[in-house]
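Quick notes on the structure that follows.
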Amino acid sequence: MRRDPFVQLQDVVVKRRAKAVLGPMNLELSGGGFTIVLGPNGAGKTTLLKVLHGVERVTSGSVTWSVSDKTAQQGQAYVFQSPVMLRRSVRANLAYPLQLLGVSKAEIAERVAHWGARIGLSAVLDFPAPHLSGGEQQKLALARALIRRPDTLFLDEPCANLDGRSTREIEDILCEATQAGARIIMTTHDLGQARRLADRVLFLNKGQVEEQAHADTFFIAPKSSGATAFLNGDIIE
Amino acid sequence: MSGIWAGMVEAFLLVWSLDADLIDITLRSLKVSLSALVIACAVALPLGTWLAIRRFRHRRFVIATLNALMGLPPVVVGLIVYLLLSRAGPFGVLDLLFTPTAMIIAQVIIITPLIASITHQAMRELWSEYHDLLISLNTTHGQRITTLIWDGRRTLMTAALAGFGRAIGEVGAIMIVGGNIDHVTRVLTTAIALETGKGDFALALGLGVVLIALSLCVNLTIHSLSRTEREGRW
Amino acid sequence: MIRAILFALICAGTAIQAETLRLAATTSFNNSGLSDALLPVIAQDIGLDVQLLVVGTGQALRLGQSGDVDAILVHSKEAELAFVEAGYASHRREIMYNDFVVIGPSDDPAQVMAATSAIEALLRIAAAQSTFVSRGDDSGTHRKELSLWAAAGSDRVEFTSWYREVGAGMGASLNSASAMKAYILADRASWLNFGNKGDLALLFSGDPVLFNQYAYLPVSAERHAHVKAQAAWNLEKWLVSPRAESIINGYEIGGEALFVFNARP
């Protein structure tokens with residue numbers, strides 16, 4: 001099943017209003033576990049995630065998955081930086097992706113009950129999701145992504161603005177997912193979180209990949225000057 | 001002022017006596033306008049939503065056209081429907097002229113652009129909220145439209161009510177295509193026009209008060225239905 | 001969804017059953033209240049549900065021409081003869097007449113009351129340039145008014161702002177005249193039944209030229225195979241019957257008879 005590299009980017013450029021926000025970029029991603037995308041604001045982290053996921057069109061170049069596009073799409077899930085809550089109950093939010101896949105009602109009920117309990121929202125399953133707190137919404141968005149049992153999960157700053165407790169809960173759920181075989185590609189501003197989770201690191205700056213390395217080597221001995229400055233907490237212009 | 005007071009009294013007497021003609025006319029008004037509303041919604045809600053989520057070459061043009069059609073003069077619609085349904089027209093064999101069906105057709109044409117346009121405005125907002133998620137979940141166009149319509153149903157109710165208000169209060173088109181035939185195509189608005197023509201302002205105003213009350217009742221009913229839903233399960 | 005729409009349309013379309021006939025008649029026939037007296041009796045006597053379309057003569061003739069009604073009841077002789085001539089109706093049957101009257105403000109600034117003929121009455125209005133409301137809707141009444149102006153030798157094109165075409169039915173035109181304190185040519189029936197007389201009064205009537213002949217024209221089944229020729233014939237037979245005669249002659253408003261039955265059996 002798993003073929004490495006699982007995705008290849010060739011000469012990818014993304015332009016917005018004639019300005020390149022990403023690329024030109026050539027990139028191969030391999031391996032399971034956590035791939036953490038780091039970089040200063042405006043480096044193109046979110047754009048890269050969206051390009052990989054296929055929700056952001058490339059201006060030129062190509063993104064090739066090791067499996068067919070359809071299989072790749074079906075196996076992916078994405079959690080946005082600010083969670084999108086359907087204007088429905090918590091239960092309906094969890095059930096929605098499964099309904100799209102045509103999963104049977106019984107199975108949906110079972111998985112919804114499981115995930116509702118896993119994120120601690122069993123008591124409010126019939127509560128309107130848009131009325132949940134920020135942390136609860138983030139957990140719900142994560143559960144709604146994982147309920148499809150994706151093999152690739154994209155996360156854009158999943159713990160921004162969350163307190164320590166929520167951050168820990170989310171990290172626990174993510175670790176479980178990787179142990180179950182999912183690969184996770186996520187951006188974060190929290191260097192501590194990156195150190196805790198990362199198997200591999202992708203360091204972006206100004207729309208370019210400045211460094212791609214194993215977590216051990218990256219955090220101990222970054223090769224690029226940009227990454228060194230970033231890890232030192234310097235401002236990168 | 002005395003004229004308005006006389007109209008109020010007349011309206012009260014009409015309703016109080018449960019005048020058979022009044023009930024007949026009122027029910028026909030409701031039947032025609034609600035039928036038109038159901039058909040118009042079946043077309044306009046998906047259309048308006050589709051326009052909100054779909055990007056295509058002449059989209060702006062289509063939306064501008066829709067907004068322009070929103071102000072379609074009912075009299076012109078009536079005339080065109082009349083010419084189409086006339087025995088001398090292309091659909092004459094259907095024998096629909098001067099029937100409630102003809103009035104429904106005219107009203108559908110009048111309110112569909114209105115509902116579609118309001119739907120488009122409302123759905124554009126919801127779509128910008130849902131866009132990322134629904135794209136990410138790899139939804140089909142059909143799934144996106146049904147999701148947006150379902151989750152935006154309270155806003156769409158406003159669109160539907162606006163359409164109903166325009167339909168039930170419309171007179172120009174249905175007068176032409178319905179013919180205001182007693183017991184067949186006479187509705188509240190055409191009856192008001194008729195009584196005004198006879199100079200019987202009190203009765204005309206009485207019917208007007210009934211019309212306004214009817215419109216209020218429908219609005220309140222729908223609003224209270226949507227409120228019970230809001231308090232219950234999501 | 002298309003199927004559902006069609007279904008709804010068909011359901012609504014077939015809601016009307018029973019033997020019906022569509023009759024386009026002039027506003028005066030309806031506004032006078034005569035139709036309300038006749039139609040229930042017709043339904044009772046010959047079991048025919050007459051659906052009345054109240055329009056101006058011009059529109060009534062157009063409806064007959066395109067076969068959208070089964071028969072018409074109008075009052076504009078020349079137009080009717082042309083209608084029969086063109087083959088839109090097999091024949092024209094005179095039923096009854098009423099008369100036109102000149103209505104105006106009760107203080108009568110144009111001294112219409114002193115006129116000895118209808119034409120003189122109009123000439124007085126024109127001379128005084130008193131406000132005059134014209135139907136302007138190609139109805140029988142409008143045509144009558146135009147023919148009177150023509151007979152008076154006046155050219156309508158030269159009329160200034162005192163001559164106002166409102167392009168409306170009899171009732172709406174009377175409303176306008178009432179509001180403007182204007183003169184207007186109306187049929188007696190509509191006038192008597194009009195509820196918003198205000199300062200208006202009947203100022204001139206009785207000139208034979210003002211007689212207003214109603215005729216019944218069944219739409220030709222040769223031209224429009226779908227018209228209900230048999231029902232139209234049944235109605236015609238009823239309209240010229242003694243039963244119709246007694247109702248028409250006996251129809252009064254405020255003690256005044258409005259119509260004179262003059263059909264030849």
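Of all the listed residues (C:Gly87, C:Gly136, C:Gly64, C:Gly140), the sole one being assigned by TED's automatic domain parsing to the domain that holds C:Leu239 and either within 18 Å of the chain's Cα centre (by Cα) or basic (Lys, Arg) (or both) is C:Gly64. Quick one: is A:Ser62 small (Gly, Ala, Ser) and within 9 Å of chain B (Cβ to nearest Cβ)? No.
Of all the numbered requirements in (1) within 14 Å of another protein chain (Cβ to nearest Cβ); (2) in contact (Cβ under 8 Å) with a residue 24 or more places away in the chain; (3) touching a Gly at 6+ places or on another chain (Cβ under 8 Å), A:Gln73 misses one, and that requirement is (2).
Which residues, counting only those in segment C:174-206, are within 17 Å of C:Arg143 (Cα to Cα) and of a type in the set (Asp, Glu)? Matches in segment C:174-206: C:Asp187 only. Scanning segment C:114-140 for residues that are over 15 Å from C:Thr160 (Cβ atoms), in contact with a Gly (Cβ under 8 Å, 6 or more places away or on another chain) and crowded, with 19+ Cβ neighbours inside 10 Å turns up C:Arg135, C:Asp137, C:Ser139, C:Gly140.
Here the helices (runs of 4 or more DSSP H) wholly within segment C:1-95 that include at least 3 residues being surrounded by 16 or more Cβ atoms within 10 Å (Cβ to Cβ), at the interface with chain B (Cβ under 10 Å from one of its Cβ atoms) and at pLDDT 90 or above are C:57-65.
Could you please find all residues in segment C:109-143 being among the charged types (D, E, K, R) and either farther than 22 Å from C:Ala168 by Cα or at pLDDT 90 or above (or both)? Talk me through it step by step, then tell me what you get.
Pass one, segment C:109-143, residues among the charged types (D, E, K, R): C:120, C:124, C:135, C:137-138, C:143.
Hits for segment C:109-143 are C:Glu120, C:Arg124, C:Arg135.
Listed conditions (1) more than 11 Å from chain C (Cβ to nearest Cβ); (2) assigned to a helix (DSSP H, G or I); (3) aliphatic (A, V, I, L, M) are all met by B:Ile104, apart from (1). Please go through (1) under 22 Å from B:Asp132 (Cβ atoms); (2) surrounded by 20 or more Cβ atoms within 10 Å (Cβ to Cβ) for A:Leu101 and return the number of the only condition it doesn't satisfy. Going through the list (1) under 22 Å from B:Asp132 (Cβ atoms); (2) surrounded by 20 or more Cβ atoms within 10 Å (Cβ to Cβ), A:Leu101 breaks only (2).
Looking across segment C:162-176 at every residue that is touching a residue at least 24 places away in the same chain (Cβ under 8 Å) and among the aliphatic types (A, V, I, L, M), the one that is farthest from the other protein chains (Cβ to nearest Cβ) is identified as C:Val166. Within segment B:120-143, one or more residues are farther than 30 Å from B:Met175 by Cα and within 14 Å of chain C (Cβ to nearest Cβ). If you go through segment B:163-185 one residue at a time, do you hit one that is in a helix (DSSP H, G or I), free of Cβ contacts under 8 Å to residues at least 60 places away in the same chain and more than 14 Å from chain C (Cβ to nearest Cβ)? The answer is yes, given that some residue of segment B:163-185 is in a helix (DSSP H, G or I), free of Cβ contacts under 8 Å to residues at least 60 places away in the same chain and more than 14 Å from chain C (Cβ to nearest Cβ).
Among the residues of segment A:176-196, the ones that are assigned to a helix (DSSP H, G or I), more than 9 Å from A:Leu38 (Cβ to Cβ) and more than 13 Å from the chain's Cα centre (by Cα) come to 6 in all. Checking A:Ala117, A:Ala106, A:Ala92, A:Ala123 one by one, the residue that is at the interface with another protein chain (Cβ under 9 Å from one of its Cβ atoms) and small (Gly, Ala, Ser) is A:Ala92 and no other.
The values are calculated or read from the model by the stated rules, or taken from the named source; none is laboratory data. Note that the structure is a prediction, hence the values are computed from the model and not measured. Every residue, glycine as well, gets a Cβ built from its backbone with ideal geometry; the counts of neighbours run over all protein chains shown.
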